[in-house]
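The values are calculated or read from the model by the stated rules, or taken from the named source; none is laboratory data. What you see is a predicted model; the values in this text were computed from it and never measured. Glycine also receives a Cβ, built like all others from the backbone with ideal geometry; neighbour counts cover every protein chain displayed. To get the accessible areas, we keep the full protein, side chains included, count just its heavy atoms, and leave off ligands, DNA and RNA. Shrake-Rupley method; radii C 1.70, N 1.55, O 1.52, S 1.80 Å.
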Amino acid sequence: MAVRRRTAAAAAGDPPPQAPPADEAAAVAPDEPVLRAPNLRVAAVAAALFLAPFSYLAFVHYSLTADLQRSILKCGAMSLVGFCVALKLIPIAARYHLRRRMFGYDINKKGLPTGQIKVPEALGLVVGIVYLVIAIIFQQFHYAPDSIWLVEYNAALTSVCFMILLGFVDDVLDVPWRVKLALPTFAALPLLMAYAGGTSIIIPKPLTPYVGLTVLELGLFYKLFMLLLAVFCTNSINIHAGLNGLEVGQTVVISAAVLIHNVMRIASSTDIETQQAHEFSIYLVLPFLTISLALLAFNWYPSIVFVGDTYTYFAGMALAVIGILGHFSETLLLFFLPQVLNFLCSVPQLFHFVPCPRHRLPRFDPGAGLLTGTKDGNLVNIFLRLFGKCSERALCIRLLIFQALCCVFCFWLRYMLTGWYK
């Protein structure tokens, strides 16, 4: 979490700033900020933990078609290129952000020398752009010009692009919370207008005798549900934050669960449309996972860069469109179980039933180097109150383990309810 320091706006009558002489610029050049090297070890460990199960299921455990395996390899190769490009561009963009005074101070290190370091903000912009470029290039090599999936594919990318723009606007202008809640509504419009899939839901079998239907057509109400899902996913990641690595880490865990779910559904389903929907989801989430791993290498404790609202909005919208167009929105909400709990615990403060501070962060003890929970109603503070004070890195790891366990619970629940629920 960062506290931003902005330059004062120039007066209307002030003359434009003059460029420094060449010799003065040369004298300033050595003072360019030097960023630490990214923590590639964390990215490698996360990749091994979360990509290995998907790779095993896709290429060893299940007998997927050779064409699908080639397409996954093609997407994976392009995603690896995106990972390398993001690693290269993030330090370059970070220096530009520092020059434009887009930086913050780490509140959870206040009182330590590291708490006085200027940390560049809004670096989610870089990975968002890299993701869009990779996804756009991939469609050229995979989808035919007359493919029925192209309209929804491009609508999904348009919504993601729109959300990246609005997220960056929020990072620059620091818009109020009531405006932040509305931003995903505008970004989801291209997806809603282009959506041509079904708008019906299957009634759970235990409720069928009471409802008298097996399938319920929702029409426009289904699109309203899609809109609310996009708004929730986007804002839920944004409020489940405040620790180095937490925002990116939770999206990495959810993305890995989505990949595994897609492969399992492709292998278990005999419906061609269902299989194509989950293939579509894989092609969107795989590059998203790899570029997030690149950002995690810079954002892991202690953070070299802050991701900003640009990344949290981008990540939420990307996962929302992946779940909506992949037709597994219910499962996606189960993957978001920690975010749902965090939102429910945050409702009294978010809607001002009780006082809500600007940053609902734990207290930091610079002497011990540990965080202590406050009375704020979010998972970060609840974990500290339940399990005791700990370091920021340990707390982040605990929350990510909880995220992973919730995803495992989701898979178990789907397995137990198969054939009985639907």
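Which trypsin sites (Lys or Arg not before Pro) from region 326-370 combine a DSSP loop assignment with at most 15 other Cβ atoms within 10 Å? Mind showing how you got there, number by number?
Values: sites: Arg358, Arg360, Arg363; in loops: Arg358, Arg360.
Loop-located and lightly packed - Arg358.
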Original post:
Most fluctuating residue of Leu80, Leu112, Leu333 in a GNM of the chain with Cα springs under 10 Å: which is it?
Top reply: Leu112
Original post:
If you put +1 on each Lys and Arg Cβ and -1 on each Asp and Glu Cβ, how big is the dipole of the chain around its Cα centre, in Debye rounded to 20?
Top reply: 1100 debye
Subject >> Rounded accessible area per residue of the chain, 1.4 Å, Å² >> reply: 48 Å²
**OP:** For the chain, set up a Gaussian network in which alpha carbons nearer than 10 Å are linked by springs, and say which option among Pro53, Pro209, Pro190 fluctuates the most.
**Re:** Pro209
**OP:** Could you check how much of the accessible area of region 40-331 is carbon and sulfur, as a whole percent, using a 1.4 Å probe?
**Re:** 68 percent
Original post:
Per-residue ellipticity at 222 nm for the chain, helices alone: DSSP H runs ≥ 4 residues times -39500 (n - 2.57), over residue total, nearest 500 deg cm²/dmol?
Top reply: -21000 deg cm²/dmol
Original post:
Using a Cα distance threshold of under 23 Å, what count of lysine pairs results for the chain when pairs must be 8 or more residues apart or interchain?
Top reply: 12
**OP:** Whole Å is fine, so just give me how far the alpha carbon centre of region 142-218 lies from that of region 322-379.
**Re:** 23 Å
